[in-house]
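Have a look at the structure below, then the notes.
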Amino acid sequence: MNAMPPLPKQRKLSLKERYAHLTRGLGWETTYQPMDKVFPYVSYEGIKIHDWDAWEDPFRLTMDAYWKYQAEKERKLYAVIESFAQNNGHLNITDARYVNALKLFLTGVSPLEYSAHRGYAHVGRHFVGAGPRIACQMQAIDELRHAQTQIHTMSHYNKFFDGLHDPRHMHDRVWYLSVPKSFFEDACSAGPFEFLTAISFSFEYVLTNLLFVPFMSGAAYNGDMATVTFGFSAQSDEARHMTLGLEIIKFMLEQDEANVPIIQKWIDKWFWRGYRLLGLVSMMMDYMLPKRIMSWAEAWEMYFEQAGDALFEDLSRYGIRKPKYHEVASKEKHRLSHEVWSIFYNYTHAAAFHTWMPTEEEMTWLSAKYPDTFDKYYRPRFECWTEMQAEGKRFYNPTLPQLCVTCQIPMGFTEPDDPTTICFRSADYKGERYHFCSDGCKDIFQNEPEKYIQSWLPVHQIYQGNCGGAEVKDVLAWYHLNFGTDNFDYEGSPDQKLWEEWQAQKATNPV
Amino acid sequence: MTVTAIGRYEFKSRDRLENFHGNQVVYWHWEEHLMYCAALALPLPPSMPFRTVLTDILPGCYNLHPEWSRVEWDTVTWMLDQRPFKPVLDASLAANNIGHKSLLRFWTPGLHGIGGCAT
């Protein structure tokens, strides 16, 4: 047998060259079908792209690097999850009330990660340029991993605490989860450029710090090391996603001046959509964390007012201004969390997590953080509710609330300049009335009424007979909520009982 | 303005009157009493007399509030869909021009919520 002559040694490609092959070399002009048929969704939104190769991804990640890097991170994460379980890590959290923040996250946020996966997989097919296609496909995989690692991380708590057993089902049905669900469906049913402006830019770039920092720092402050580790694991992905968000905006703005007004309209819309969604985070920060990190107002100042100023200053050279109604959000920062917590306190009998009245010590913290509003508007309400509860008459609102057609949150927000009066806005469309919680939500409706007249408003759906029945118990069964355990006040809940038993055991068996 | 779409985009409203089995949704809001965090949505037959809502329906909604028993209906001021409004108590909701998804806000003189702070 003749020995094969050794192959000439190939020079190893540099990272930059490999990335160039992946994102340029693999793209081609189609000939069997015209390009506009292969990529049917890239022009109808009115965004003009002249040179897809102008897209530059600062991370230049190739698939082999992606797999290697992510696999390492996940090995570490799963080792921590494993040790958290073996060491009964749930016993080291500050208080069982903390777990309610996880319930909200698992039912409200983790399913959004999965929706984001689907959204990015879709747009990752539909851009003409291979650069943005690859970036979107990698993000699609990130989002799928995030959904999965979050579910795995939190599944430990499901062994002990209520309300964590069926997040996917709940996400599609439970009344307040229609808020995050409809937010994401609004984005996924838009065109590919609006989707990226909505999720990559407005959400990931402008607002994501207000979601992840509070949840992950909240976990760290409250002894939840499993969730902290998940947060660290996702952090490097989030940095890439934020960069993609800024890149795509600059890319679109630089391609054609006619793109500017379209993008501004989307920024206005998605800032307000995202801000309304973050109302849930505001109450988590100010009410649900037994050990608090900072107040919602402080977070808003740091992550939106200061960081946002710098960002929009930078974008002003393209003709982009700060999102419409950002000043309303700043006016609301001293009351948002109190109003949202009041909404959930009203309807805890229909929720998959518990609420409670803050302790005197917690109210002192709230007074200090909100010196102009808390004692004046909210403390009297909370003291009244606390008294009612002490008399065995815990307040639950027996009647379903009016919802905003756009954001789907109960209409509990007050006038920008008057915290004592609910902000009512309405519009007529084809002879029918529609109601909104704010000028921001009304504008979004009026720009695309055909879309929002289809809103699946949980209250109206119950009244139409589409949610398992007319009684709270029937509706909760349809939500897959366990009546009497998952819902009602934390005081008297099985979660509280179990936690107190553990604390008593700890006290008698000091380690 | 209209929706940006890849084709014809026309849908019926999901909350049109005919979907509510003979009822219409009417929103009621007791101003300055934000212990009730938002306006209430009630499915009501259009033929129901206005008075019946006051006597039979609203008490079950609002009577947990310590000020509820002091509400005097003849002093109450009303707004219907952003206009000042004087209900004819014995006329039906429909005859009072209260339609599907109408909003009724009412103010109760002398009652401004717990501690006078709209709660």
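Assuming a ≥ b ≥ c are the square roots of the Cα gyration tensor eigenvalues, decide whether the range A:52-508 counts as rounded (a/c under 1.5), prolate (otherwise, with a/b larger than b/c) or oblate. Judged from the Cα gyration tensor, the range A:52-508 comes out oblate (a/c at least 1.5, b/c at or above a/b). Dividing the summed helix terms, -39500 (n - 2.57) for each DSSP H run of n ≥ 4, by the number of residues in chain A produces a 222 nm estimate of -16500 deg cm²/dmol to the nearest 500.
For chain A, what is the accessible area per residue in Å², given a 1.4 Å probe and the full set of protein chains? Each residue of chain A exposes 41 Å² on average to a 1.4 Å probe. In degrees from 0 to 90, rounded to the nearest 10, what is the angle of the helix A:336-346 Cα long axis to the longest principal axis of chain A? Long axis of A:336-346 versus the principal axis of chain A: about 60 degrees. Expressed as a whole percent, the accessible area of the range A:52-508 that falls on carbon and sulfur atoms is 53 (1.4 Å probe).
Counting only protein heavy atoms and rolling a 1.4 Å probe, how much accessible area do B and A lose on contact, total for both sides, in Å² to 100?
In total, this chain pair buries about 4300 Å².
The value of relative contact order for the range A:52-508, using C-alpha pairs under 8 Å at least six residues apart, is 17 percent.
Shielding by partners for peptide A:392-402, expressed as the average number of C-beta atoms from other protein chains within 10 Å of each residue's C-beta, is 5. Sorted largest first by accessible area at a 1.4 angstrom probe radius, with every protein chain in place, the residues A:425, A:125 fall in the order A:125, A:425. Gain on full extension, evaluated as 0.36 nm per residue between residue A:391 and residue A:125 minus their Cα-Cα distance, stands at 89.8 nm.
Counting only heavy atoms of the protein chains and using a 1.4 Å probe, residue B:111 has close to 10 Å² of accessible surface. Note on residue A:361: accessible area is roughly 150 Å² with a 1.4 Å probe, heavy atoms of protein only.
Taking only protein heavy atoms and a 1.4 Å probe, the accessible area of chain B is 53% carbon and sulfur. Separation of the range A:366-398 from the range A:1-69 is 59 Å, based on Cα centroids.
With r as the distance between the Cβ atoms of residue A:60 and residue B:17 and R0 = 41 Å, compute the FRET efficiency 1/(1 + (r/R0)^6) and round to 0.05.
Numbers: r = 57 Å, r/R0 = 1.39.
Between residue B:17 and residue A:60 the formula returns 0.10.
Spatially, the range A:215-246 and the range A:293-340 are offset by 21 Å when compared through their Cα centroids.
Under the simplified labelling scheme, the residue A:359-residue A:165 pair shows an inter-label distance of 3.0 nm, with each label point 7 Å from Cα along Cα→Cβ.
Can you show me the helix-derived [θ] at 222 nm for chain B, built from DSSP H runs with n ≥ 4 at -39,500 (n - 2.57) apiece and divided by the number of residues, rounded to the nearest 500. Using -39500 (n - 2.57) per qualifying helix, the result is -1000 deg cm²/dmol. By a 1.4 Å probe calculation restricted to protein chains, residue A:399 has an accessible surface near 10 Å², given to the nearest 10. Per residue of the range A:460-476, what does 6.51 cos²θ - 1.76 cosθ + 1.60 with θ = phi - 60° give for ³J(HN,Hα)? Whole Hz please, x for Gly and Pro, Karplus curve as stated. Whole-Hz 3J(HN,Hα) from phi for the range A:460-476: 5, 5, 4, 5, 7, x, 9, 10, x, x, 9, 8, 3, 4, 5, 5, 5.
Greater than 19 Å separation of Cα atoms is the criterion. Which listed pairs, A:269/A:430; A:331/B:101; A:9/A:68; A:269/A:322; A:473/B:101, meet it?
The answer is A:269/A:430; A:331/B:101; A:9/A:68; A:473/B:101.
Sort out the exposed loop chymotrypsin sites (Phe, Trp or Tyr not before Pro) in chain B (DSSP loop, at most 12 other Cβ within 10 Å) and tell me the longest stretch that has none. Formally, the longest exposed-site-free interval is B:12-119.
The range A:421-454 and the range A:475-510 have Cα centres lying 40 Å from one another.
The values are calculated or read from the model by the stated rules, or taken from the named source; none is laboratory data. It should be emphasised that the depicted structure is a prediction, and the values quoted were computed from it without experimental measurement. Every residue, glycine among them, receives a Cβ derived from its backbone with ideal geometry; neighbour counts consider all protein chains shown. Please note that ligands, DNA and RNA were not included when accessible areas were found on the heavy atoms of the full protein model with its side chains. Shrake-Rupley method; radii C 1.70, N 1.55, O 1.52, S 1.80 Å.
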